[in-house]
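The values are calculated or read from the model by the stated rules, or taken from the named source; none is laboratory data. All figures in this text were calculated on a predicted structure; none of them were measured in a lab. We place every Cβ from the backbone using ideal geometry, glycine too, and count neighbours over all the protein chains shown. Side chains included, ligands, DNA and RNA excluded: accessible areas come from the protein's heavy atoms. Shrake-Rupley method; radii C 1.70, N 1.55, O 1.52, S 1.80 Å.
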Amino acid sequence: SNRVEAWTRDVDFLLRQEGRPMVNLTGDRKHVRVMEADWQNTDKAVNWIKEEAINLTQPFVLYLGLNLPHPYPSPYAGENFGSSTFLTSPYWLEKVTYEAIKIPKWSSLSEMHPVDYYSSYTKNCTGEFTKQEVRNIRAFYYAMCAETDAMLGEIISALRDTGLLKKTIVIFTADHGELAMEHRQFYKMSMYEGSSHVPLLVMGPGVKEQQQVRNVVSLVDIYPTMLDIARIPILQNLSGYSLIPLLRGKAENEVSPRGPRPSWVLSEFHGCNVNSSTYMLRTGKWKYIAYSDGHSVLPQLFDLTADPDELTNVAIKFPVIVHFLDKILRSIVNYPKVSSSVQEYNKRQFISWKQSLGQNYSNVIANLRWHQDWLKEPKKYENAIDKWL
């Protein structure tokens, strides 16, 4: 589903690709282990620390990947086919202070950036939502975060119980955030802070306590950081930089052998739920988002100091800043060329997929995660695809 949706994002149609986001309460006040598979993996990790790691003479690395706090896919049938469900139990929900939950402000549909509108539409979020629905989605998401936090607590407790905590570095992070109804969206695939700003927490020997590092850093920094911890020489051609100097509270001017860390981070996205290749440059208080070839879709610029909720695109107001940031972005990645090759790739892949199915392609596409929209007017959508091809 995701691939076919991404390949056809340049087709002149709008199809909802998700069911409406939902919440679901399971079990009772004693139901602690909602995400059983994650708890089983956590148990395995805890047992390994207590039975294996404690006897090792060499340093170890333990990687634990959790699915939480990711929403659950809903049953693959009926009205909510393909939707994401924020699932928790009363045990975790009671840890959330409902009154403290902020209801995000939404721009009107007519004022939305065209790429944002496409994302909201395909995620089935352009309809009416009550404040209670939005508050529930956010509350259930926070409850799922609390359950995730408890799993991290089990790992830290196991390290403490075995005496390993004093000589172990723990890194906690995520691959993406959750919009949880910010900007009339849920899920990810967005350069807004809710999606692109991820947790990155580090504790261990040599890591300065209770500090918040203000620098913008990136997930690509984790690989060289782990090489640095293991005292393995860091290759000169890596995209990332070791975080160790920042974690030890050293001044920014104490540069690494590779030179100073850049003052920006880059993110790009070419997948589903977004109808354009998207590039984000974060530096200082600015977030610059460029699309496609840089001309056919207008860019966005946010001043995160004055506008932390990213509600006001100031690209037209600050053309000099836009020009300056666009120049930096192009020096890092030739984004118009990348966007063009992505477009060619999408069409090539779709043609190949369509040919592999023969005459049956329309029936197959109707049974992907299109939330019944395709079935209403299949000929209209087939014609739009033929025109695109």
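Some values worked out for this structure:
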| item | result |
| --- | --- |
| Spin-label pair S352/I54, simplified geometry with 7 Å Cα→Cβ offset, distance in nm | 5.2 nm |
| Derived scalar couplings ³J(HN,Hα) [segment 89-96; Karplus, 6.51 cos²θ - 1.76 cosθ + 1.60; whole Hz; x for Gly, Pro] | 10, x, 4, 7, 4, 5, 7, 9 |
| Anchor K285: aspartates and glutamates whose Cα lies under 18 Å away (excluding residues fewer than 8 positions away in-chain) | E193, E252, D303, D307, D309, E310, D326 |
| Computed Kirkwood radius, in angstrom, where 1/r is averaged over Cα pairs of segment 26-133 | 18.2 Å |
| Net charge over other residues, Cβ less than 10 angstrom from the Cβ of R16 (K, R count +1; D, E count -1) | +1 |
| Chain lengthening between T97 and W388 when straightened (0.36 nm per residue, less Cα-Cα) | 99.8 nm |
| Alpha carbon centroid spacing (whole Å) that separates segment 2-53 from segment 323-337 | 35 Å |
| Per-residue ³J(HN,Hα) for segment 113-129, Karplus 6.51 cos²θ - 1.76 cosθ + 1.60, θ = phi - 60°, Hz, x for Gly and Pro | 4, x, 6, 5, 4, 4, 4, 4, 5, 5, 7, 6, 10, 8, x, 7, 10 |
| For q = 0.16, 0.26 Å⁻¹, Debye-computed log10 I/I(0) when each Cα of segment 334-388 counts as one equal scatterer | -0.59, -1.07 |
| √(5λ) per eigenvalue of the Cα gyration tensor, segment 1-207, largest first, Å | 36, 19, 17 |
| Label-point separation, N41 to H295 (7 Å along Cα→Cβ), nm | 4.6 nm |
| Assigned charges on the beta-carbon of Lys, Arg, Asp, Glu; the chain dipole about Cα centre (debye) | 540 debye |
| Segment 334-388 - percent of accessible surface contributed by carbon and sulfur, probe 1.4 Å | 48 percent |
| Helix axis angle, 319-332 relative to the chain longest principal axis, alpha carbon, degrees | 70 degrees |
| Accessible area of segment 1-207 belonging to carbon and sulfur atoms, whole % at 1.4 Å probe | 51 percent |
| Cβ-placed point charges (K, R +1; D, E -1), dipole of segment 267-315 about Cα centre in debye, nearest 20 | 100 debye |
| Per-residue ³J(HN,Hα) for segment 182-190, Karplus 6.51 cos²θ - 1.76 cosθ + 1.60, θ = phi - 60°, Hz, x for Gly and Pro | 6, 6, 6, 9, 10, 6, 10, 6, 9 |
| Longest segment of the chain lacking trypsin sites (Lys or Arg not before Pro) that sit in a DSSP loop with at most 12 other Cβ atoms within 10 Å | 106-207 |
| Rg to Rh quotient for segment 276-329, alpha carbon positions, Kirkwood Rh | 0.93 |
| Cross-link partners of K167 among lysines (Cα-Cα below 22 Å; sequence separation of 8 or more within a chain) | K44, K50, K208, K250 |
| Residue with peak Gaussian network fluctuation, the chain [Cα springs, cutoff 10 Å], from S341, S195, S218 | S341 |
